[in-house]
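The values are calculated or read from the model by the stated rules, or taken from the named source; none is laboratory data. Quick caveat: nothing in here was measured; it's all calculated off a predicted structure. Reconstructed Cβ throughout: ideal geometry from the backbone, glycine too, with neighbour counts over all protein chains shown.
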Amino acid sequence: MARNRKVTVSTDAHGHTAGWAEAEPSAPARPDPAAAAFFDVDNTMMQGASIYWFARGLAARNYFTTSDLARFAWGQLRFRLLATEHPGDMSRAREAALAFVEGWRVQDVERLAEEIFDELMAPRIWDGTRRLAQRHLDAGERVWLVSAAPVEIGRVMAARLGLTGAIGTVAEVVDGAYTGRLVGDLMHGPAKADAVRQLAAVEGLELDRCSAYSDSANDLPMLSTVGRGVAVNPDGTLLREARQRGWEVRDFRTGRRAVKIAVPSTAAAGLVAGAVTAGLALHRRRRTG
């Protein structure tokens, strides 16, 4: 099983900041240093959203209650559905994204992420997507997860799955503890494409020899940055784009199962951050009150 090695932070000319956590890979027989594959996480590598299941794991450990989770997630979901075009959406999401870890020690978050991955996330990894990633590894290519979730969660997932590493949202750390602020932007939309280009420059990758996998039209910039885009469990917009562009489509969902996983994903990616923030605030007041 791969072991974590390092986290690298880089900023491009546009001010976008990318963080990638690299795991110690198993050396392939014939490595291809110029090729790599990039996998979105939520609904691509796993069912639902990683931050949602992380929040569920925190609730199970009494950091906040499940009713807090449901109430605040629903409030944020309504906000997103009714005001998705509001110019303040991303800035508000950015402010809430990692506020819940303010004051936490990095080692504690990493320990929790490992425990919660094993308990709640590992059973929800899509077997089909995992096999796609393994094919790249077997071909001597490196494989990276790319997620809006904190890079620490991505690092744990990559290590557990035996992948090369992860690109994710970077939280500011001072003296081993999180400040609750981000370094750069959320790893979302065009920021993912920028991060992939940064990593390619650092690692000597040729983007036209690389592949990217995602379920969401939000990741069209990343899918278009590489030579081979693949739609996995695609939403309607991405499915149409994939057909128009002649991209490969892989769908591992079936019937009711696909419907069931849509709610945790929608309510979580960028939304549950607010629920976690408010829930932890309540929990802290209960503990100190």
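Of the residues in region 165-205, how many are small (Gly, Ala, Ser) and within 25 Å of Glu141 (Cα to Cα)? Here the count works out to 10. Taking every residue in region 150-179 that is under 20 Å from Ala49 (Cβ atoms) and pairing it with any residue that is among the acidic types (Asp, Glu) and crowded, with 24+ Cβ neighbours inside 10 Å, at least 6 positions away or on another chain, the pairs with Cβ-Cβ distances below 8 Å are Gly168/Glu152; Ala171/Glu152. Quick one: is Phe64 in a loop (DSSP other than H, G, I, E, B), at pLDDT below 85 and either among the aromatic types (Phe, Trp, Tyr) or touching a Cys at 6+ places or on another chain (Cβ under 8 Å) (or both)? Judged against the criteria, Phe64 is a match. Taking the criterion of being surrounded by fewer than 22 Cβ atoms within 10 Å (Cβ to Cβ), charged (D, E, K, R), under 15 Å from the mean Cα position of the chain (by Cα) and modelled with pLDDT of 95 or more, would at least one residue in region 197-208 satisfy it? The answer is no; no qualifying residue exists. Between Met121, Met157, Met187, which is within 17 Å of Val41 (Cα to Cα), crowded, with 18+ Cβ neighbours inside 10 Å, in contact with a strand residue (DSSP E or B) (Cβ under 9 Å, 6 or more places away or on another chain) and modelled with pLDDT under 90? So the residue among Met121, Met157, Met187 that is within 17 Å of Val41 (Cα to Cα), crowded, with 18+ Cβ neighbours inside 10 Å, in contact with a strand residue (DSSP E or B) (Cβ under 9 Å, 6 or more places away or on another chain) and modelled with pLDDT under 90 is Met187. Count of region 124-141 residues, restricted to those that are part of a helix (DSSP H, G or I) and surrounded by 18 or more Cβ atoms within 10 Å (Cβ to Cβ), is 5. Of the residues making up region 124-154, those that are out of contact with any strand residue (DSSP E or B) (no Cβ under 7 Å at 6 or more places or on another chain) and among the small types (Gly, Ala, Ser) are Ala139, Gly140.
Please work out which residue is nearest to Gly165 (Cα to Cα), limiting yourself to region 190-240 and to residues that are in contact with a strand residue (DSSP E or B) (Cβ under 8 Å, 6 or more places away or on another chain) and among the acidic types (Asp, Glu). Applying the filter and picking the extreme gives Glu203.
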